[in-house]
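K.L.:
Have a look at this one before I ask anything.
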Amino acid sequence: MIILAVDYGLKRTGLAVCDRDEIICSPLEVVELKGEGLAERIAQTAEEYNAEALVFGLPYNMDGSEGHQARKVRSFAEKAARLAELEVYFQDERLSSEFASDMLRPAELTRKKKKQRLDAVAAAAILKAFIEKRKLEKQ
């Protein structure tokens with residue numbers, strides 16, 4: 001199944017997609033839109049890549065509880081999913097930005113270029129974790 005992943009943020013939102021076999025997770029872009037504009041961009045990107053589902057990173061607190069930001073993500077995700085007419089899933093995104101930062105470290109990019117790519121790489125990390133979790137649940 002082709003899945004579009006979203007690392008939703010207040011300033012920037014990262015997008016990533018996987019192939020139909022759910023093997024390769026590719027960072028796509030970082031979007032600096034908000035509200036309806038962002039939801040429309042997500043729906044357009046989902047259509048462009050023939051996505052069959054959306055997965056949003058859910059920012060749990062370190063104790064595993066959901067805070068204010070997690071509720072914001074859930075609310076926005078439901079709007080985006082309705083607009084895209086796709087099922088939405090959620091994946092724990094704790095430490096995904098740190099993982100993405102570690103992945104970009106060897107790339108020798110300027111701080112500005114890393115910042116421009118970080119959220120898309122984090123979305124790919126969220127997507128990979130979601131796919132791995134689904135595979136384990138099927139066993």
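K.L.:
Suppose the filter is crowded, with 17+ Cβ neighbours inside 10 Å and under 20 Å from LYS72 (Cβ atoms); does LEU38 pass it?
P.N.:
Details: crowded, with 17+ Cβ neighbours inside 10 Å: yes; under 20 Å from LYS72 (Cβ atoms): yes.
For LEU38, the condition - crowded, with 17+ Cβ neighbours inside 10 Å and under 20 Å from LYS72 (Cβ atoms) - is met.
K.L.:
Please go through (1) more than 13 Å from the chain's Cα centre (by Cα); (2) of a type in the set (D, E, K, R); (3) within 12 Å of LEU127 (Cβ to Cβ) for GLU93 and return the number of the only condition it doesn't satisfy.
P.N.:
(1)
K.L.:
Just to be sure before I move on: is TYR49 within 30 Å of LYS138 (Cβ to Cβ), buried (at least 21 other Cβ atoms within 10 Å of the Cβ) and either touching a strand residue (DSSP E or B) at 6+ places or on another chain (Cβ under 9 Å) or among the β-branched types (Val, Ile, Thr) (or both) in the structure I sent? So that I can check it myself, show each step before the final result.
P.N.:
On the way: within 30 Å of LYS138 (Cβ to Cβ): yes; buried (at least 21 other Cβ atoms within 10 Å of the Cβ): no; either touching a strand residue (DSSP E or B) at 6+ places or on another chain (Cβ under 9 Å) or among the β-branched types (Val, Ile, Thr) (or both): yes.
No.
K.L.:
Can you find, within the range 97-120, the residue that is modelled with the lowest pLDDT among those that are of a type outside the set (D, E, K, R) and in contact with a strand residue (DSSP E or B) (Cβ under 7 Å, 6 or more places away or on another chain)? Reasoning before the result, please.
P.N.:
Within the range 97-120, the subset of a type outside the set (D, E, K, R) is 97, 99-101, 103-104, 106-107, 109-110, 116, 118, 120.
With the extra rule that they be in contact with a strand residue (DSSP E or B) (Cβ under 7 Å, 6 or more places away or on another chain), the set shrinks to 116, 120.
Numbers: GLN116: 59, ALA120: 87.
Of everything passing the filter in the range 97-120, GLN116 is modelled with the lowest pLDDT.
K.L.:
Go through the range 121-139 and report how many residues are surrounded by fewer than 23 Cβ atoms within 10 Å (Cβ to Cβ) and either in contact with a strand residue (DSSP E or B) (Cβ under 6 Å, 6 or more places away or on another chain) or closer than 12 Å to LEU4 by Cα (or both).
P.N.:
Taking the range 121-139 and keeping what is surrounded by fewer than 23 Cβ atoms within 10 Å (Cβ to Cβ), we get 128-129, 131-139.
Then keep just the ones that are either in contact with a strand residue (DSSP E or B) (Cβ under 6 Å, 6 or more places away or on another chain) or closer than 12 Å to LEU4 by Cα (or both); that gives 128-129, 131.
Counting residues in the range 121-139 that are surrounded by fewer than 23 Cβ atoms within 10 Å (Cβ to Cβ) and either in contact with a strand residue (DSSP E or B) (Cβ under 6 Å, 6 or more places away or on another chain) or closer than 12 Å to LEU4 by Cα (or both) gives 3.
K.L.:
For the range 13-57, enumerate the residues that are more than 20 Å from LYS128 (Cβ to Cβ) and either small (Gly, Ala, Ser) or in a loop (DSSP other than H, G, I, E, B) (or both).
P.N.:
Scanning the range 13-57 gives GLU32, LEU33, LYS34, GLY35, GLY37, ALA39, ALA43.
K.L.:
Shifting gears a bit: Only one of (1) at pLDDT below 95; (2) closer than 27 Å to LYS138 by Cβ; (3) surrounded by 14 or more Cβ atoms within 10 Å (Cβ to Cβ) is not met by GLY64, so which one is it?
P.N.:
The one condition GLY64 does not meet is (3).
The values are calculated or read from the model by the stated rules, or taken from the named source; none is laboratory data. These numbers were taken from a predicted model, which means no experiment stands behind them. As a convention, Cβ positions derive from the backbone with ideal geometry for all residues, glycine included, and neighbour counts pool all protein chains shown.
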